[in-house]
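S.K.: Can you read through this structure? Questions will come right after.
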Amino acid sequence: MLAAADSIDDDLPIENSESDPVPDPVDSLSEKVMEQALEGKLEIQITDAVSEKETIKFKIQVKSDLQSYTESRGREFKVERTHHEFSWLHSSLSENQMYAGYLIPPKPQKPDFSSPSKQLHDISEKEEKLPKEDIAFLKTDLEDKYLAQFKKAVSTHEIFLNRICQHKILRNDHDLRIFLTFDGELNVRSKNTKERLTGWLRKGEMAIQAAFNDRVKDPDPFFEKNRVFINEYELRIDNGKRKSKEVTKEYGLISKELMAIMVEVKRMAASEAKNPEARKIALERCLNIVCRDLPKIQKWEGRMGSDTELKLVDLMRYYVAETESVKELLIRRQQSLDDLDRKNRDLEAAKIKNKNVQHFEARKTAAVEHKDKLASAGKEELVRFEKNREEAFVKNLEEHAALQLKHSRQKVNVLENMIKALEAAEGEL
Amino acid sequence: MADLLGDDVFGDPNKVNAAPSTDTSDVFASAVSTQEVSTPVPVPVPVMTPAPAVVTPAPAAVPKSPPKQSIDLFADESPAKSAAPAIQPSNGVSSATSGSVNDIKVIISDPRKAGDGIGAFMVFTVKTETSRSGWGGKVFEVNRRFSDFLGLYEKLAGRYQHKGYFIFPAPEKSISSFTKVKIGNEDDMFVQRRQQQLQRWINNIAKHAALTRDIDFQGFLTQDTIAPATSTRALSAAGMLRFVGKVENVITKQVTQKMPETDSWFEDRAASVDNLQAQLKRLSMASGNLSVHRRELGLSSGNLARASNMLANAEDKQDLSRRLANVGTIYENLGEIYTDLSDKDLYDFSELLSDQVRGLDGIKNILEARQKMWQNWQSSEQGLMKKRDTVTRLQATGRTEKIPGAELEIKEWETKAATSKKGFEDMTAVAKKEINTWETQRVAETKMFILKWMKHMLEAEKKVVAMWEKYLPKAQNVK
């Protein structure tokens, strides 16, 4: 379910949706959770994206035979959505009480193209100072990076949307339907006050989270286990994300310095060609060999970094967000318990006063229902989370290792050939 | 003539004790010395200072007979010397200077801090092994501080720069090093770098046949105590100024006149040296940055290893936990490989380039000294002309009684002019050889260290491949 290595065209294993509603025995769940139990077709694909000033617009291809879709837009249609609109969909789902027992797929990261486009600008400024082929090289390199980021933005948004469309409950959401069918911009910009409100809510949530961390045990051992786990996991996965990010950053910087060295060696080769002492030992020929092969080393070094980014950093980054969703679900679980507690106390009080007992009885029953519904949906989701986590890690770690080995072997290959060429240059003298 | 005596006699202690043929590694020096022995010694040696005591035993081996080891002969401020640069058979000079020797090996170790606060400084152990006889031993061990190295350089530069020798400039005292030592911020990287720098420097000097015959060079390596370097205390820029001043003292200061370069060989050198230096500086910087980032990669790989192990501990899926622990293991190993490679980038590549940058300062010093030698010659020619004018004027005005005196002065100035002309010509010949030798060495060294750099990268990458090969089967999904 994570961005596959090189292309958005790769088949992305999408987190599977609901199983039959088997409420309790958790163990029996795991086998069934992966089964599809979806009625009707709702498929999306992001076919293209256009970069605009502030954001990018994703072109979404929708295929559906659901009546609510076909009657307004037909079986197949396209719609354009910005990142803001994705963001809106995410918060709309998160805030909906009906989905309290479900993991809301994490919001895709806001695409940021400022750094490659800024670098591209810097290069254009240096254009006169550097040799043409170096500029060309740097430009291609940056364009590649830009493209990679672009693809990544597309794939993360697609994964987000796909997960919703494949989710037994969430796919029927009203706002999702608006998101996918409304032809025109959704009016989500005017939510300044709303944003402020959510900001405030967030703060409230933080306080709840703090309470969640030191909270007394959950009476249900399954939720208790998950609560303990997620508290530890949250910090460590975030640490892993940051540390792996630092590693990829250094690969990038090494690759950059290798380029800088290449540029200097090239200049040196040009001036040593005029030096009789250097010509005697074919130094300029050696330097030219280095110039020829250093970009290849640089390339593999860069790939070691960018694939670590794709396979390791993105994996961890995704699980940081996923962990956040899990935590939110567990907080909602706690809230449902707290709520039931309150309703019980209210009922007791009402019984003592013998006033409105029926009303409070009904409220308590509703709270019990809410708690139970949330618990059974939540258990399914958490089991699936664990299973998917294992699969995603195993898959990505294996791919990561295979790619690193491949690139490292390529580097050895280039270096061996270069050394051979350098030694041959010596031999020719 | 005194200075000639000083240089030559001091020249090669070997010749006194051993037949030239016994020391095969010292062919050049021996050849020179044989010739120098035949040079008549016109001035009796004034003072005999006792041979310096050495750390290692065998003081008996210190020859009492080579009596000419008198320090005062070297007094470089001596006006006699500055007025009359060495007159030597030019073939003798060239064989002396282009000769490189390989019989002195110096190892610098145990950097440690001495003193406190503002008076704190670094002390190094300087171990020397030599097959040279006449040094009174084969192995020496002394303690030297950084400024001692600078002091040695200044002495050598003051004494030999005007002869056209290539004297490798000593590593610079930098403000950052100043604060590092004084404030006591123990920076291992910095200290290690400095130690290596000094070791490369002293061994570079030790390859120059003529410089190794200097009494202070020998003293630096062999004597327990040496006079503290007084003029090196301040920062390097001031030190350089002082050095320039010294060269000016050696060569009588007169009207400075721009030297019209008639030798196209020197013209080419002067034109290319700045360009080459700038180029090497940039390459040295880029490779230094490479080393820095490799070190950072090593560190961050280690951090990732720890993060991954922590994640493995939290993970309740056992199989996944084991896999994450394996990620920890591989990144820990990768971290070590990268850190090791970072050292090699630094010491076998970047630092050698920055040595070359400094070496080019040495070449610039030669070119500058040659200009001063030329100016020296020009001013004596001008002096001679003036004297001749005086005689003409005296003859015209009929004051014949003053003519004999003036003619005597003309004679003096003629000698002076001839001497300084010869000095310039000899120096030019030596300079050419020295610069050529250095250039040959530089290109060979460049080629060598580029190849070495690649080999280090290959060696490291092979280890990386082996790591991933070992790790991959464990990461593979067996299900």
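S.K.: Restricting to region A:273-284, and then to whatever is within 10 Å of chain B (Cβ to nearest Cβ) and under 19 Å from A:Ala424 (Cβ atoms), can you tell me which residue is surrounded by the most Cβ atoms within 10 Å (Cβ to Cβ)? Let's see the steps before the verdict.
M.R.: Of all residues in region A:273-284, those within 10 Å of chain B (Cβ to nearest Cβ) come to A:274-284.
Okay, now just the ones that are also under 19 Å from A:Ala424 (Cβ atoms), so A:278-284.
On the way: A:Ala278: 25, A:Arg279: 14, A:Lys280: 12, A:Ile281: 18, A:Ala282: 21, A:Leu283: 23, A:Glu284: 20.
Checked region A:273-284; the qualifying residue surrounded by the most Cβ atoms within 10 Å (Cβ to Cβ) is A:Ala278.
S.K.: Quick one: in region B:430-479, of everything that is of a type in the set (Phe, Trp, Tyr) and either open to solvent by 10 Å² or more (accessible area, probe 1.4 Å) or in contact with a strand residue (DSSP E or B) (Cβ under 6 Å, 6 or more places away or on another chain) (or both), which residue is farthest from the other protein chains (Cβ to nearest Cβ)?
M.R.: So the residue we want is B:Trp438.
S.K.: While we're on this one: Say whether the condition of being assigned to a helix (DSSP H, G or I), modelled with pLDDT under 90 and not acidic (Asp, Glu) is met by at least one residue in region B:98-115.
M.R.: yes
S.K.: Here's something else I'd like to know. Only one of A:Glu264, A:Glu257, A:Glu277 is closer than 20 Å to B:Gln441 by Cα, in a helix (DSSP H, G or I) and of a type in the set (Asp, Glu). Can you tell me which? It would help to see each step written out before you state the result.
M.R.: Working: A:Glu264 fails: closer than 20 Å to B:Gln441 by Cα; A:Glu257 fails: closer than 20 Å to B:Gln441 by Cα.
Step by step, each of A:Glu264, A:Glu257, A:Glu277 is checked, and only A:Glu277 is closer than 20 Å to B:Gln441 by Cα, in a helix (DSSP H, G or I) and of a type in the set (Asp, Glu).
S.K.: So which residues in region B:123-152 are open to solvent by less than 30 Å² (accessible area, probe 1.4 Å), among the aliphatic types (A, V, I, L, M) and part of a strand (DSSP E or B)?
M.R.: Initial filter on region B:123-152 (open to solvent by less than 30 Å² (accessible area, probe 1.4 Å)): B:123-126, B:128, B:130, B:132, B:134-137, B:140, B:142, B:144, B:146-152.
After this cut, where a residue has to be among the aliphatic types (A, V, I, L, M) as well, the list is B:123, B:126, B:142, B:150, B:152.
Listed by number, the residues that qualify are B:Val123, B:Val126, B:Val142.
S.K.: Just the residues that are farther than 30 Å from A:Glu309 by Cα and facing chain B (nearest Cβ under 7 Å), please, taken from region A:256-270.
M.R.: Correct list: A:Arg267, A:Met268.
S.K.: Another question about this same structure. Among the numbered conditions (1) assigned to a helix (DSSP H, G or I); (2) open to solvent by 10 Å² or more (accessible area, probe 1.4 Å); (3) within 11 Å of another protein chain (Cβ to nearest Cβ); (4) not β-branched (Val, Ile, Thr), tell me where A:Tyr319 comes up short.
M.R.: (2)
S.K.: If you don't mind, there's one more thing I want to ask. Go through (1) facing chain B (nearest Cβ under 8 Å); (2) over 27 Å from A:Glu380 (Cα atoms); (3) open to solvent by less than 30 Å² (accessible area, probe 1.4 Å) and name the single condition A:Leu253 misses.
M.R.: Here A:Leu253 meets the rest and fails (3).
S.K.: Quick check: is even one residue across region A:361-378 farther than 30 Å from A:Lys139 by Cα and not in a helix (DSSP H, G or I)?
M.R.: no
S.K.: So if I check each of B:Glu425, B:Glu439, B:Glu414, which one is part of a helix (DSSP H, G or I), under 15 Å from B:Phe168 (Cα atoms) and among the acidic types (Asp, Glu)? Show your work before the answer.
M.R.: On the way: B:Glu425 fails: under 15 Å from B:Phe168 (Cα atoms); B:Glu414 fails: under 15 Å from B:Phe168 (Cα atoms).
Every option except B:Glu439 fails the conditions.
S.K.: Would you check if there is a residue in region B:372-394 being in contact with a helix residue (DSSP H, G or I) (Cβ under 7 Å, 6 or more places away or on another chain), closer than 30 Å to A:Leu287 by Cβ and open to solvent by less than 60 Å² (accessible area, probe 1.4 Å)?
M.R.: no
For every residue, the table says whether it meets (1) within 9 Å of chain A (Cβ to nearest Cβ); (2) open to solvent by less than 10 Å² (accessible area, probe 1.4 Å).
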site: B:Leu280; (1), (2): yes, yes
site: B:Arg294; (1), (2): yes, yes
site: B:Leu299; (1), (2): yes, no
site: B:Arg306; (1), (2): yes, no
site: B:Met310; (1), (2): yes, no
site: B:Gln318; (1), (2): no, no
site: B:Ser321; (1), (2): no, no
site: B:Ala325; (1), (2): no, no
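S.K.: If you don't mind, there's one more thing I want to ask. From the list B:Lys402, B:Lys421, which residue is away from chain A (no Cβ under 14 Å), without any contact (Cβ under 8 Å) to a residue 12 or more places away in the chain and either open to solvent by 40 Å² or more (accessible area, probe 1.4 Å) or touching a Gly at 6+ places or on another chain (Cβ under 6 Å) (or both)?
M.R.: Just a single option satisfies the conditions, and that option is B:Lys402.
S.K.: Please determine whether any residue of region A:74-89 is surrounded by 14 or more Cβ atoms within 10 Å (Cβ to Cβ) and at pLDDT below 85.
M.R.: The answer is no, given that none of the residues of region A:74-89 is surrounded by 14 or more Cβ atoms within 10 Å (Cβ to Cβ) and at pLDDT below 85.
S.K.: For region A:62-73, what are the residues that are open to solvent by 20 Å² or more (accessible area, probe 1.4 Å) and not in a helix (DSSP H, G or I)?
M.R.: Correct list: A:Lys63, A:Asp65, A:Leu66.
S.K.: From (1) crowded, with 17+ Cβ neighbours inside 10 Å; (2) more than 9 Å from chain A (Cβ to nearest Cβ); (3) in contact with a helix residue (DSSP H, G or I) (Cβ under 8 Å, 6 or more places away or on another chain); (4) among the charged types (D, E, K, R), pick out the condition that doesn't hold for B:Arg358.
M.R.: Single failed check for B:Arg358: (3).
S.K.: Right, next: From the list A:Val357, A:Val320, A:Val383, exactly one residue is within 27 Å of A:Lys243 (Cα to Cα) and β-branched (Val, Ile, Thr). Which is it? Let's see the steps before the verdict.
M.R.: Details: A:Val357 fails: within 27 Å of A:Lys243 (Cα to Cα); A:Val383 fails: within 27 Å of A:Lys243 (Cα to Cα).
Among A:Val357, A:Val320, A:Val383, only A:Val320 is within 27 Å of A:Lys243 (Cα to Cα) and β-branched (Val, Ile, Thr).
S.K.: Still on this structure: Out of the residues in region A:390-411 that are more than 7 Å from chain B (Cβ to nearest Cβ) and over 19 Å from the mean Cα position of the chain (by Cα), state the one that is least open to solvent (accessible area, probe 1.4 Å).
M.R.: Only one residue fits best here, namely A:His407.
Residues checked against (1) touching a residue at least 24 places away in the same chain (Cβ under 8 Å); (2) assigned to a helix (DSSP H, G or I):
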position: B:Arg294; (1), (2): yes, yes
position: B:Asn309; (1), (2): no, yes
position: B:Asp316; (1), (2): no, no
position: B:Ile337; (1), (2): yes, yes
position: B:Phe349; (1), (2): yes, yes
position: B:Ser380; (1), (2): yes, yes
position: B:Leu384; (1), (2): yes, yes
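S.K.: Run down B:Met385, B:Met427 and say which single residue is of a type in the set (A, V, I, L, M), closer than 30 Å to A:Glu272 by Cβ and away from chain A (no Cβ under 13 Å).
M.R.: Criteria check complete, one pass: B:Met427.
The values are calculated or read from the model by the stated rules, or taken from the named source; none is laboratory data. The structure displayed is predicted, hence computed values, not measured ones. When we count neighbours, we look across all protein chains shown, and the Cβ atoms used for this are built from the backbone with ideal geometry, even at glycine. Accessible surface areas use protein heavy atoms only, side chains included; no ligands, DNA or RNA. Shrake-Rupley method; radii C 1.70, N 1.55, O 1.52, S 1.80 Å.
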